[in-house]
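Below is one structure, written out as structure tokens; the observations come after it.
The numbers here are math on the coordinates, done by the rules we state, and not lab data. This structure is a prediction, so every number in the text was calculated from the model and none was measured. Positions of Cβ are backbone-derived with ideal geometry, glycine not excepted, and every protein chain shown enters the neighbour counts.
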Amino acid sequence: MFVATLLANPARADLDRTAVESLRDAWGGGVAQWLSPGIAAEFMVNSIPENRWDVWAGLQGIGVDLVVQP
């Protein structure tokens, strides 16, 4: 199992619930846990998604970081 974590700049706190849930659904992830509303959320995935770098690049464009870790 791996954890996908999405992080936004705390000064903006603009991490959107829809973005988190859409990515979770696309990757077949578990329940999204909000670590800090608007700033950080995570969900479990069974394996590292093949498109993680494409998703990472897209999220960077809107100021959100993505980490997939064991």
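Output the residues belonging to the stretch 18-33 that are surrounded by 14 or more Cβ atoms within 10 Å (Cβ to Cβ) and closer than 18 Å to Val64 by Cα.
Of everything in the stretch 18-33, those that are surrounded by 14 or more Cβ atoms within 10 Å (Cβ to Cβ) and closer than 18 Å to Val64 by Cα turn out to be Ala19, Val20, Glu21, Leu23, Arg24, Trp27, Ala32.
Could you check the stretch 1-40 and list, in sequence order, the residues that are over 20 Å from Ala57 (Cα atoms) and in contact with a helix residue (DSSP H, G or I) (Cβ under 7 Å, 6 or more places away or on another chain)?
Within the stretch 1-40, just Ala32 meets the criteria.
As an exercise: evaluate Ile48 against (1) of a type in the set (Val, Ile, Thr); (2) surrounded by fewer than 11 Cβ atoms within 10 Å (Cβ to Cβ); (3) assigned to a loop (DSSP other than H, G, I, E, B) and give the number of the one condition it does not meet.
Looking at each condition in turn, Ile48 falls short on (2).
From the residues in the stretch 1-17 that are assigned to a loop (DSSP other than H, G, I, E, B) and of a type in the set (D, E, K, R), which one is farthest from Val67 (Cα to Cα)?
Arg12
For the stretch 1-17, enumerate the residues that are surrounded by fewer than 19 Cβ atoms within 10 Å (Cβ to Cβ) and within 11 Å of the chain's Cα centre (by Cα).
Listed by number, the residues that qualify are Val3, Thr5, Leu7, Asp16, Arg17.
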